[in-house]
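Beneath this line is the structure, given in structure tokens, with notes to follow.
Only the coordinates and a few stated rules stand behind these numbers; no lab work does. In this text, all values refer to a predicted model and were calculated from it rather than measured experimentally. Cβ: placed from backbone, ideal geometry, glycine included. Neighbour counts: every protein chain shown.
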Amino acid sequence: MLARLPGSVRAALPEQASALASRPFDGVRLWREHLAPEALRDALLLVPGRIDAALLEELEQAIEAHEAAAILLPDDAAALIAERGGALASRALLVTPEVDWIDLAALLRSLGAAGLARETAGLRTGDLFALAQAFATLAGGAISIVDAAGRIVGYSTLPNQEIDEVRRQSTLTLREEASPRLDDEYRLLARSAAAQWFPGRGANFSRAALPVRAQGELLGSVWLIVTDDAGAAKALEFLDSVAGLAAHHMLEARESASAETQRDADLLRTLLTDETFRPIAFAELGMRAGTDYRAVAFIVLDDREANPVLDAWRQLHHISLTARSIFGWCRAAIIGDQVICMIPDAGDDVVESFAGRVLDATRLDTWAGIGSPGTDATGAAASLREAMAVVALLRTTGRVRMRVATLGAVRELLSLSRLLEHLDGVDVSEDDPAARLRTYDETFGTELTATLTAFLDNLGNVQRTASELHVHTNTVRYRLERIAQLGIDLDAPHVRLWLWLRLFAR
């Protein structure tokens, strides 16, 4: 195994490398607490994330009592492993920081016992991303799994897999450009009982495609990019050989999606609002204390969509799959007019890139707010509140030219907004100078409010105000005189401050 993964995996103790390389394994498991003993025997356990002494003790128990084949841990666990010694040190492998753990799991499955990648037991039932990774490893080409509505529900991300512009655009939007009802290739595939060959056009590669059925119902299709047309027969044979496995996983994924989505929504609402049951929701969401998580909230406005509920569910599907393809794990739900998504923290740049990718694919009026990292139930709830508050601010204020923002980028504006909400709540803004200006503008068709807003934004500079409004400086001076005649003293600092706050709130 080590010979097949040069540079990615190494033995924690170099003197144990030969023994590890020769030991067979019969399964690959991503570590989670309370794995059944039979799932550990002769298995490779992949343990991404933070490592501490308590976790190492659990892993040593997995080796000694349940005979796990080997444990794969992050490279930075080397010192703890060497210090502990014992059975764990003799069975530990270290994984380099740049390796994608989901990709590594799929690759290891393909190196295990003969035919393992085609066995249901080799994959978590209904995990279409893992299925796509396994198929891509075996077939040697990029895989996309598409449901009957044309939504991409799983795709491979193996290093160095060749893709073309059609694949690039479809995985960005997670939808096929044309509906299967209108696309000639999909219609041909729907009438077929076996995999079909579609030659490439122009710069786009050829593809082999498999119709996936269960008891006669078309569930969707599996598409394999083939860069060398000489491999057509082999590609079609491979897809036909995995038809049953694909159907099993797609049917399970479809049946469990609705229940899982509702469960995630209930748990995320509990995490957000219920202090008593927050720790339980945190655990049931599959989150571990000590691991950094971050919330991202999205608002998408589409005036063309006649059914906003359907549009929200489409966005939830797109955001969830995009997050899983990048981070390997997410929990997402619709709360109010926002789609919120909890993901493992990967730093500002990566999280902002994820949000930007969602917005670029949407091409509508879309905003995203990013919360701060949280390492426990309280921190995760705070991250959710922050993300939802930030995206609401981006949507409602014209003073922020960003579509994606973290709390740090808009902290002052958010604080001002909350202050103004409080002032509105105690009725101190009724019949104030700003209200009088708006009433005057509505009655006489003037633009005093807009002029004063620009004047205050430009720190009282008449020339810059005139330039922003595209009027003459004398026009600005005349309007300021009219404001003074309404009894509004712009020479008083507290009046200017109050007016700016009130106008900012608009």
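Miscellaneous remarks
- Once the Cα-Cα distance is subtracted from the 0.36 nm per residue extended length, the Ser372 to Thr439 segment shows a gain of 20.0 nm.
- Its convex hull of Cα atoms gives the chain a direction-averaged projected area, equal to a quarter of the hull surface, of 31.0 nm².
- Cα pair distances of segment 337-424 binned at 10 Å [whole percent]: 16, 51, 29, 5
- Ordering of 469-476, 59-66 by packing is 59-66, 469-476, highest average first (other Cβ atoms within 10 Å, averaged per residue).
- Taking the DSSP bridge list for the chain and keeping only pairs wholly inside it, about 75 percent are antiparallel.
- Label-point gap, in nm, between Leu188 and Ala82 - each point 7 angstrom along Cα→Cβ: 6.0 nm
- Annotation for Ala289 and Gln61: the two label points, set 7 Å from Cα along the Cα-Cβ direction, are 1.7 nm apart.
- Over all orientations, segment 255-424 has a Cα convex hull whose mean projected area works out to 10.5 square nanometres.
- The stretch between Ala232 and Glu165 holds 22.1 nm of extra length on full extension. This uses 0.36 nm per residue minus the Cα-Cα distance.
- Between helix 243-273 and the chain: long-axis angle, C-alpha atoms, 0 to 90°, nearest 10: 40 degrees
- Degrees between helix 473-485 axis and first principal axis of the chain (Cα, 0 to 90, nearest 10): 70 degrees
- Per residue of the chain, the DSSP helices (runs of n ≥ 4 H) give a summed -39500 (n - 2.57) that works out to -15500 deg cm²/dmol at 222 nm.
- Pairwise FRET efficiency - Val495 versus Asn461, Cβ, R0 = 25 Å, nearest 0.05: 0.85
- In this calculation the C-beta distance from Ile334 to Trp197 is compared with R0 = 41 Å, giving a FRET efficiency of 0.55.
- Estimated FRET transfer efficiency (Leu486, Trp313; beta-carbon r; R0 45 Å; 0.05): 0.35
- Computed from Cα atoms, the angle from the helix 101-111 axis to the main principal axis of the chain rounds to 20 degrees.
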